[in-house]
Every structure is written in C-alpha cells, then in structure tokens.
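Bear in mind that the values in this text are calculations on the coordinates, not laboratory data. As the structure is a computational prediction, the values presented were derived from the model and not from experiment. With ideal geometry, Cβ positions are generated from the backbone for all residues, glycine too; neighbour counts draw on all protein chains shown.
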Amino acid sequence: MSLNAPWMATGQSARTFKSRRKKPADLISICLTNYNYGCYIIDALDSIAAQTHTALDLVVVDDHSTKDGSVDLITAWMEANQKRFWRASLIVHARNLGPSAARNTAFGHAMGTFVFVMDADNTIYPRALARLHEAARDGGFDATYSQIEFFGREQRLGLADIWDPMQMARENYVDVMALVRRQAWMDVDGYSHIDAGWEDYDFWLKFMDHGLEAGYVPEILCRYRVHGDSRTTNDAWAAHESLRAIMAFRHPELTARARMATQVVKA
Amino acid sequence: MSADLLLTLTPTEQQDIKIIRESGQFDTEFYLATNQDIAGSGYEPLVHYVKYGFREGRRPNRNFRPALYVAQHPDAGLDSRNPFIHFLQTHNGCHIAHHGLLTRFRLEDLSLGVRTLEQLPFFEAGDYHDLNRDVARDTTDLAEHALLYGVPEGRRLFKALRVSETLGTLCIGTEPDHATQTLPDGPVPDSIGIFYNSGGNVFIHEIAADLHRTLTEAGLNCVLLDENTDPDQRPDLCIFVAPHEFFHIGRGQVWATGSIIQDAIMFNTEQPQTLWFERGIPFLLMSAGVIDICHQMARSFHQAGMPAIHFTPNIDTTRGYLLKEDMTHPMVRVLPPACRKRPDPLIPFARRPLDISFFGGSSAHREKFFARNAGFLAQYRNYFYYRKFTTPIDSSPRDRLLSRLAAHVAGHSRIALNIHRDEYGFFEWHRIVKGAMANGSVVVSEPCLPHPVFRPGIHFLEETGRHIPNLIEWLLHTPDGQARAEEIRTATWQLIGTPAGNRARCARIRGFISYVWSTPEA
C-alpha cells in the first residue's frame, strides 16, 4: 500500500459542507476515523466542536461500518453542526480497508497544514487542538502529542514522555492521537497497513527513520476510551512477538541502534 | 563456680574465662538454647565453653562463627587455642567477627554500624525477620545480618508500618536541634570535598553544587568533586551527597571502604520508606556524621547515636536558569514563547503566564490523583512533566536540563503542585523550596512532614489531594484567593531571600562540621 497507488482512492463517496470564507491561516484538519463506533462517535464529534481553536477542517472517514447506523448518525450531526467548521466532510469507504487506509484517506482530503489524528471512540479536551497546534507551530515540530487520560473501564494516565528515538525503538509510548504536519505524513508515505496491528508504532518509527521530530506537550489533553473491544486489545496482544519481529524487519537501523545503546547501558 | 571445679581448670582456661567475662560477649541463654545437650551436665555454660565447647566448634554468641573466623585469621586456631579469645584480644570493643559481604570494612567499622542500626528507630530485628523469613532467627544476629548481607543482597530492611510509625513519632517531638553537636568557632578541616556521582541523578548534582556554594559562603575551603577523583588525593574531609547512589554507580564503588567512610560525612537526601535509602544504610551508619535534608530523618540518626544535623543549602538568588544549549531542547520548544524567556520570581501571581506546573516521576499514588483530576487540570494552562520513563534523570542530552527546566517553569507558573510520590508526605526540599518557592510560584501541596522553617498556611498551602481542585479554583478565580497567593509569595520570598537566614545556615553547618572534625574516632 502506498499513497501513490491509484486504486486506493477508488470506492469512496464524499459529502462536504464548506464555508464560503477563504481558508484561514491557522486551519487545523481533524482526521477522525470510524468503524462501527456509532455508540461513541457523537462524543468524539462533540468534543471536537467544543475546541477553543476556531479554524477547523473536520474530515470523518467511515471505514465501511455495517453493524450500526454510523453514516446516518454522522451525517445528521454534520448537518446540525456544519456552521462550527470551516469545512466538514464525511468520506465513506465502499469496502473495509483498515485504520491506516482510513487515516490516509482523511489526510489526503485534509486542507490544514497540520492534521489531528483521532479514533471515533476517543475524545479530546477543549484546549487540546489550540495547545498542540501552538506548540507545533512555535516549536517547529513535525508533530506534537500530549499526555493521555484513559477513561471508561480503566482510569489512569497514558505512557507519553519525551520524544526519544532510542526509547521509542524499545517500545511505543506515543499514542496515535497526535497533531501531525501533513507534509510529514507525505514524507513517510502515510500510514502503512500492518495486518496484525501496531500501525501507529510503525508510523512513529518511520518518522524517526526520516529524521522527523515530534514534541511532547506535557499536559493531559486527550482521552482514550478503554472498552475492551478495540482492535488493539483483541488482536495485538496475541501477536506481540511477531509484531516485534515485523518492526525490527521494517526498521532495522533503529532497532540495531537501540540494541547497541542497551548493551552500553548494561556494560 | 565451685572450688573443686576451679581446681580442674588450667591457668589458661581461668585466664580465658576472665577475658570473656570482662568482654560481656558470652551469651549464656544462647549457649544453652543452642546446646541443649549440656543442660544436665552441671557445668556453668561459660566454663563448658572454655573447657570443651570451643574445641567442638560451639559458638559463644550469635555473632561469633569460629570456622569463619579461623578461615579469615589462620593464626587464631594455632596450638588448639580458642579463636574467640584471639578475636577479643585483637579486636578490642568489637562484637562483629566477620565481614559478611562488606569485605572492605574493618570489624571496628562493622561493629559500630551494627550497633547504630540497632538503635536506628526504623529498624527492628523482628521486622527484619518478618521480611526475610529465610534467615535463621535463633542463631543469627539479625542486625548484623541486615548490614553484612541484607543490604548487599538487596533485601528489605525496614517494614513499611514501622517506618510510618517512626516518622509519626518523630513528627511529634519539638526538639528543634542538637545544640550540643556544634562547635561554633572550632577548628575546621583545611580542605573539604563535596562528592556527587556523575552517573547519578541530576537533581543530586544540583544539591551538591548548592552545598558547595553554601560551605564556601561559610568560609570553608571546599571543592566539588565526583567519583572519578583519585581516592588517594582526597581532601581532608569528604562529604558524600546521596550515598545511596554515590557508592553504587560506576567508580563510586571504589570509594566504599571503611577507611574513607569512617572519616566522612554523608548528606542523605533519600526517604526512609524507599529501597534506595536502605542501599545507603551501611555508608550512613559507618560514617562520622550525617547531614540530612529532612528534619525528621536527622532526628532519627541522632537517636541512633550519630552526630546528625538537618540542613538545606542556601538558595542562590543569582543562579542561572536555562542554559543557552537548553533552548533548543524539545521540552523548552513546546513552551509558549512568552514562557521561554528568563523568569523573574518577583513577577506577581496575576501576571504569570502558566497556571499550574508539576514535575515528578510516576507512581501509583500520583497516578490516582492525576487520573482523577485529568479533566480538571485540562482546563488550565499547565506544564505537567509527569515522567513515565523509569530510568533515572541523568546527565544525558535528553534529561540533563530537567532540573533547570523545573525551576524555569515554576518561575512562569502561578501554582507549583506538589503531589507526593506515596503516602509518606516527605517534605521534598528540592521540589518545594528550591524548585518552586524560590521561583515565586505558590506551592500547593498534599500535607507534608512538618518543616522547622517553612509553615503550611504561611509559606505554602496544604490540602488533601481530594480537595486540591477546590483550593486551586479558589486561588485562581477569587479575589480572596489571589490576595492570599500574593501574601504567601511575599512571606516565602522574604524568608528565602534574607541574608541573615543565609548567614545563620552557614554558621550552623560550619559548627557541625567542626564538631564532627573535632570528635575523636569511636
């Protein structure tokens, strides 16, 4: 799968509500991907509408939900809330393509310099986009991420800490929920589909392979819903060892550097 | 002893009995308990030991193990002599007769260390046995085991419940200081080395530098050194900052010898409930004296019979903030541009660009607080460095600025939040005073162990974690709260920045060093 594969853009239908105003300079796009999360997505959309940052370009991608009325729900919400956004779009995949493809579809459609990536079962606090955007712009980062609050079946904080390639090569502590410069997404050829999971980890490792830099904004700004029915909990745990092998194969240089650094620490 | 029995004792045996009796080290109860076969023999246990027992390898007390002793002192077993007599005659005043795993200490050092551990209020032999059930209680001196094996083997020494109870007791007393342990105008060493471990925590390095500056202000000739110094070239007096890490990392281990430690002063910064504190115990207890960053801890060492003083360095009002090379660090670049400039502690509460700052490592206690209040905190302009990496904050390019950054961020914050690592409420001087108060932010803290100088309600605000959101809202949003915040900032700034206070601290530490320096070896 590549961003340049022409067949990936087929089978989509889009609906867009766009303001007549010219594109604001501080426009932030939101990449919100949904697959059968009809019971949660309104919470996600409401948290986006409640952002303190004004100029928003909302791109919702429905990855062919079949179990619930996601598309109708989203369409109705957009009709009711379109005035909040500079532009609001819903793109529907005609076939279920997986989260990486869904995110790439959204990025491809996005018009902001920065794109915030989010799954439909999560929410964000009102200051999230303004703060992440300010830090990315003023600090000159290719991406920014915050600390995360887990809610639902668990109440705790996430694992976010300072961006450090050596530490990241050992284990992923940066969630997919982050603000990413659209150009950086293009530079790394988007999100790759990995059938067993860990596309988000792979995306950050590609970031490092390309010498791109993310900044940690040390505030709790995003919320991750723990409901025990996500793809991560279902599939990725079972495939942990094979996923490590996949990452080592895809990012051998980084893996080797981390291994050498660990040996030095041990000595 | 009956007269006819005396007749059967040789002059040597009579002499041995006298030596042992005078040492007070024969444990009759132990001897009978471990040698039940002699109960009906009619012999007084000591006589039995001198006449037969030692030849049969029996032990006079929990500490003396003849085979171990003879292995280390081959001449002690010559001519069928009693090795215990050899020990008593060659190690006058010692009761520890072997080195365990601490082979680079003399028996004199170890004996003193074990006695001091017994008196340290956090230690209780029964607790040690509860924590280490594999140690044979009946035949082992548990304090000896704790020091000689427990620490090197990474065992736990102190029970959590005992630590809590002891801290509670230490908080009740009002005994402010140990006026006897000072010689105000006494002699001082010609040269003093302040040691920190270059592979250790950057906060410790900073505390060592602060101590160095304060001692220099006190007119002492001192130099800041690390573990790479040649021990043979060491200054007259060595002060080791954070012994729990100094003697464990890299070349710091070279310094862990009795001859260096017995003449040194330790600056303890660690909290008693931690494994780290226990790792520092041998060095603390075998040293010449302890400076402790915590008032209650200094009292505990004092109760154990050691020279000990509570001391915190002077705050340097001309200190450097972030360095030029720090400005490109990502954790600085994520700051709003207005918060990257050099902060001024005098900037009033209302004009500070950040609402709340926090710096600290992750722990279950903090996790609970922050998870519960995530939504509350998300409303405010925070700088919340809640460290999830489990590696220590060291001098790597990634971490070395964090100590400076904590102070810098507090300098731009209205409130510096102090959530303790655990339930113990240790007053963390570095975070509360040096990091936050000295930079003009108002400290909002969970309740702390009482501090002799800084008072809750006057110099900082205390509240249970559950109600801290109410307190923060009151401070940020109400005129009364804002006025109170300004009062607290003023009172604290006056206390920290007063030259008289600095002079008094200088005199105190000089008097203590002189006292330790003038006290002959035990």
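Remarks
- Counts of other chain beta carbons within 10 angstrom of each beta carbon in peptide A:213-223 average 6.
- When the trypsin sites (Lys or Arg not before Pro) in region A:1-109 are filtered for DSSP coil states and for at most 10 other beta-carbon atoms within 10 Å of their beta-carbon, the remaining sites are A:Arg20, A:Arg21, A:Lys22, A:Lys67, A:Arg95.
- Spacing of the two label points (7 Å from each Cα toward its C-beta) at A:Arg250 and B:Thr391, in nm: 2.4
- Crossing angle, helix B:402-411 versus chain B [Cα axis fit, 0-90 degrees, rounded to tens]: 40
- Footprinting exposure proxy for A:Ser19, B:Ser445, B:Ser111 (fewest neighbouring C-beta atoms within 10 Å first): A:Ser19, B:Ser111, B:Ser445
- Relative contact order (%) - criterion: Cα under 8 Å, at least six apart; region: region B:312-463: 26
- For B:Ser357, A:Ser13, order by how many other beta-carbon atoms lie within 10 Å, fewest first: A:Ser13, B:Ser357
- Those GluC sites (Glu not before Pro) in region B:450-522 that DSSP places in a loop and that have at most 10 other beta carbons within 10 Å: B:Glu521
- Peptide B:334-341, shielding by other chains (average Cβ, 10 Å cutoff): 4
- Residues B:Thr139, B:Thr274, ranked from the fewest to the most other C-beta atoms within 10 Å, line up as B:Thr139, B:Thr274.
- Among the trypsin sites (Lys or Arg not before Pro) found in region B:135-172, those both in a DSSP coil and sparsely packed, with 16 or fewer other Cβ atoms within 10 Å of their Cβ, are B:Arg137, B:Arg156.
- Estimated dipole of chain B in Debye, rounded to 20 [Cβ of Lys and Arg +1, of Asp and Glu -1, Cα centre]: 2140
- Taking the centroid of alpha carbons for each part, region A:38-63 and region B:473-522 are 50 Å apart.
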